[in-house]
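Right, one structure below, let's go through it.
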Amino acid sequence: MDTSSLSRPRLDLVGKMQELEYGWIEHLQVVKGEPVLQPPPRIVHNVHLGKARPGGQAPPDSGFQLKKQIVELFDLFDREQTFKIEKLEVHDGLPFKIDYPDSAGK
């Protein structure tokens, strides 16, 4: 699976995570399996001082192979369909940890 198979909202989310590098995204709505980025979710940067910034990541629409963490994130979107992610932690531009209420909290 590569980025060329992603919808525009999913591709935009991958781009946001790459741009963020480290931090988290709060209150991200997912509707019918697609992330909703308007209005924008709250993005919190976590700056690692003294660490070299890798830079040069491929743009999300360049057709690169998806990492396992991104595939797992979108599998969750497909499974849950419509829900709200309270917090999506991002490490090195990749989804790392997700907090969301169970289906009773939708």
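The values are calculated or read from the model by the stated rules, or taken from the named source; none is laboratory data. All figures in this text were calculated on a predicted structure; none of them were measured in a lab. Quick reminder, even Gly has a Cβ in these numbers, built from the backbone with ideal geometry, and neighbours come from all protein chains shown.
When the residues of region 27-37 are filtered to those that are buried (at least 16 other Cβ atoms within 10 Å of the Cβ) and not aliphatic (A, V, I, L, M), which remaining residue is nearest to residue 75 (Cα to Cα)?
Out of the qualifying residues, it is 33.
Inside region 64-89, can you point out the residues that are within 17 Å of residue 29 (Cβ to Cβ) and β-branched (Val, Ile, Thr)? Steps first, answer last, please.
Filtering region 64-89 down to residues within 17 Å of residue 29 (Cβ to Cβ) leaves 73-74, 76-88.
Within region 64-89, 82, 85 meet the criteria.
Which of the residues spanning region 88-102 are more than 14 Å from residue 74 (Cα to Cα) and either in contact with a strand residue (DSSP E or B) (Cβ under 8 Å, 6 or more places away or on another chain) or crowded, with 16+ Cβ neighbours inside 10 Å (or both)? Step through it out loud before you land on a result.
Step one: list which residues in region 88-102 are more than 14 Å from residue 74 (Cα to Cα), which gives 89-93, 99-102.
Residues satisfying the conditions are 89, 90, 91, 93, 99, 100, 101.
Here's the yes/no breakdown for (1) at pLDDT 95 or above; (2) surrounded by 13 or more Cβ atoms within 10 Å (Cβ to Cβ); (3) in contact with a helix residue (DSSP H, G or I) (Cβ under 7 Å, 6 or more places away or on another chain):
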site	(1), (2), (3)
54	no, no, no
57	no, yes, yes
60	no, yes, yes
75	yes, no, no
86	yes, yes, no
105	no, no, no
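Scan region 7-26 and tell me whether some residue there is exposed (fewer than 11 other Cβ atoms within 10 Å of the Cβ) and modelled with pLDDT of 95 or more. Before you say what the answer is, go through the steps one by one.
Taking region 7-26 as the starting set, the residues that turn out to be exposed (fewer than 11 other Cβ atoms within 10 Å of the Cβ) are 8.
From what is left, the residues that are modelled with pLDDT of 95 or more are 8.
Yes, region 7-26 contains a residue that is exposed (fewer than 11 other Cβ atoms within 10 Å of the Cβ) and modelled with pLDDT of 95 or more.
Hey, residue 49 hits all of (1) under 16 Å from residue 91 (Cα atoms); (2) exposed (fewer than 11 other Cβ atoms within 10 Å of the Cβ); (3) modelled with pLDDT of 95 or more but one; which does it fall short on?
Condition (3) is where residue 49 drops out.
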